[in-house]
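Below is one structure; the comments refer to it alone.
No value in this document is a laboratory result; all are computed from the given coordinates. What you see is a predicted model; the values in this text were computed from it and never measured. Note that each Cβ is placed from the backbone with ideal geometry, even for glycine, and that neighbours are counted across all protein chains shown.
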Amino acid sequence: MQLATQAEDSLLVAKAQYGLGRYYQATGHTRKALEELTAAYSYFETHSLEETVGLKDTLAVMNAAHEELYRNARMLAIGAFLVLLLTISGTLLVRRLRLTKQELTETSAVLEETIEELRPAESDAKPVLTEQEKAIARLLVEGKSTKEIAEAVHLGVNTVLWYRKRLYAKFGVHNAAAFSTEMSKRGLLE
């Protein structure tokens, strides 16, 4: 390239740029190839009558370099999309695992209390309440909704509904008002 520039032969410079462009393309340096080929193309374009073969060759190599750039860009976009999909999938999986863990914790607590309830009761007529049942019973007596209770005790709504039915059954009542009356009459939350 330096010799062609020193000789001040523009055709020789353009052919050197064309040769460098082909070399860069063959070695995977597509951007450098396009720079050299664009410079060669500008010479061949201004001397199109004398250099039609050089112009055609340069255009063919430039087109191949552009196609390679587009192909690389497409592959990069596909890779980025796949990384995004994997990230979203991973996030959803972690979220589902957390929900499953919470459900298992709630189920375990319910099973432990059910097992405790199935053990033979002592002779007193006063129902025994677990700590979780006491917390839910207090909130029921305060008039809280099932959703508010679930948030307060960090349980699911369905689990709170299960506790509510169980508490009503223990005291032989069918609604919140009767439950509140029975709780205050027995003095269990004091």
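Structural remarks
- Cα→Cβ-extended label distance, 7 Å offset, between A64 and K101, nm: 5.6
- Efficiency of FRET between T181 and L93 - r from beta-carbon atoms, R0 45 angstrom, step 0.05: 0.40
- Between E35 and N158, full extension at 0.36 nm per residue minus the direct alpha carbon distance yields a gain of 37.5 nm.
- 19 Å Cα-Cα threshold exceeded, pairs from K147/K170; K101/K170; K126/K185; K147/K185; K126/K170; K101/K134: K147/K170; K101/K170; K147/K185; K101/K134
- The listed peptides 160-168, 70-78, ordered by packing as a protection proxy, come out as 160-168, 70-78 (highest mean of other Cβ atoms within 10 Å first).
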